[in-house]
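Novice: Attaching a single structure in structure tokens format; questions to follow.
The values are calculated or read from the model by the stated rules, or taken from the named source; none is laboratory data. Here the structure is a predicted model, which means the values were calculated and not measured. Here the Cβ positions follow ideal geometry from the backbone for every residue, glycine too, while neighbour counts run over all protein chains shown.
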Amino acid sequence: MWICEFLGVYSSSQLVCGSLLPVELISDDNQAKTEIKIWGFNLSASNLLRAGIEFEKGEDNLLNITLSNGKLRIPPVYIHLTSDSLFRNLMAYEQCSLRSTHHITSYLILMKSLITSTRDIRLLRRRGIINLLNRNRVGDQEYFVEFKNKLNTVVVKDFCFGKLCDEVNAYTLFVLTVIRTYYSIHPR
């Protein structure tokens, strides 16, 4: 129960599985309402590509993810047989440490929002962002299932990529609105 107080959640029923974090709001009638904040991008990698976001391999610092001129630069991640236990241990450390900043958990939630199918994994592999080592043992489908299951019960207290996600989501909304407006004025 102490973890609920630490996270600012007042009852254990408010803890939501996945990359959701309840946020308490006070309404005009002084009753607490719970708003659910969904972290990550609104669209998957393949849908972001269709919406005009290009993916590029970034610098080697895993947390240095940037958006510039419609290009999302993501550093490469190397996946091999021990990556699963490494990520799980780092997430467990961040969840248990009171002074931790949740950078790795935020990174994994961000990647989870990008990857919704094996098509997204193939796209990120072609761009050099995801590199599967020991390819004979881990395929796209196995990696997809493993990656999605890893974050089903994670709650993050401070999402490090919130501003980046807001920028990307706003950019794609703008591009899709322009396209929709153009085709409503100039139908085929």
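Novice: Collect the residues in segment 34-54 that are touching a strand residue (DSSP E or B) at 6+ places or on another chain (Cβ under 8 Å), modelled with pLDDT of 90 or more and outside any helix (DSSP H, G or I), keeping them in residue-number order.
Specialist: First pass over segment 34-54, keeping only residues touching a strand residue (DSSP E or B) at 6+ places or on another chain (Cβ under 8 Å): 34-39, 45, 48-49, 53-54.
Among the residues that remain, those that are also modelled with pLDDT of 90 or more are: 45, 48-49, 53-54.
Residues satisfying the conditions are Ile53, Glu54.
Novice: From (1) modelled with pLDDT under 85; (2) surrounded by 13 or more Cβ atoms within 10 Å (Cβ to Cβ), pick out the condition that doesn't hold for Gln31.
Specialist: (2)
Novice: Residues Phe161, Phe144: which one is under 16 Å from Ala45 (Cβ atoms) and at pLDDT below 85?
Specialist: Working: Phe161 fails: at pLDDT below 85.
Only one candidate passes the filter, namely Phe144.
Novice: Still on this structure: Mind listing whichever residues of segment 40-65 are touching a residue at least 60 places away in the same chain (Cβ under 8 Å) and touching a Gly at 6+ places or on another chain (Cβ under 7 Å)?
Specialist: Gly52, Ile53, Lys57, Ile65
Novice: Could you say whether any residue in segment 103-110 is touching a residue at least 12 places away in the same chain (Cβ under 8 Å) and among the small types (Gly, Ala, Ser)?
Specialist: From segment 103-110, those touching a residue at least 12 places away in the same chain (Cβ under 8 Å) are 103-110; that's our starting set.
Next, from what is left, pick out any that are among the small types (Gly, Ala, Ser): 106.
Yes, there is a match, as at least one residue in segment 103-110 is touching a residue at least 12 places away in the same chain (Cβ under 8 Å) and among the small types (Gly, Ala, Ser).
Novice: Which residues, counting only those in segment 71-92, are assigned to a loop (DSSP other than H, G, I, E, B) and modelled with pLDDT of 90 or more? Steps first, please.
Specialist: First, pick out the residues of segment 71-92 that are assigned to a loop (DSSP other than H, G, I, E, B): 75-76, 80-82.
Selection gives Pro75, Pro76.
Novice: Out of all the residues in segment 55-67, is one or more part of a strand (DSSP E or B), at pLDDT 90 or above and aliphatic (A, V, I, L, M)?
Specialist: Narrowing segment 55-67 to residues part of a strand (DSSP E or B): 55-57, 66-67.
Next, from what is left, pick out any that are at pLDDT 90 or above: 55-57, 66-67.
Narrowing further to those that are aliphatic (A, V, I, L, M): 67.
Scanning segment 55-67, I find at least one residue that is part of a strand (DSSP E or B), at pLDDT 90 or above and aliphatic (A, V, I, L, M), so the answer is yes.
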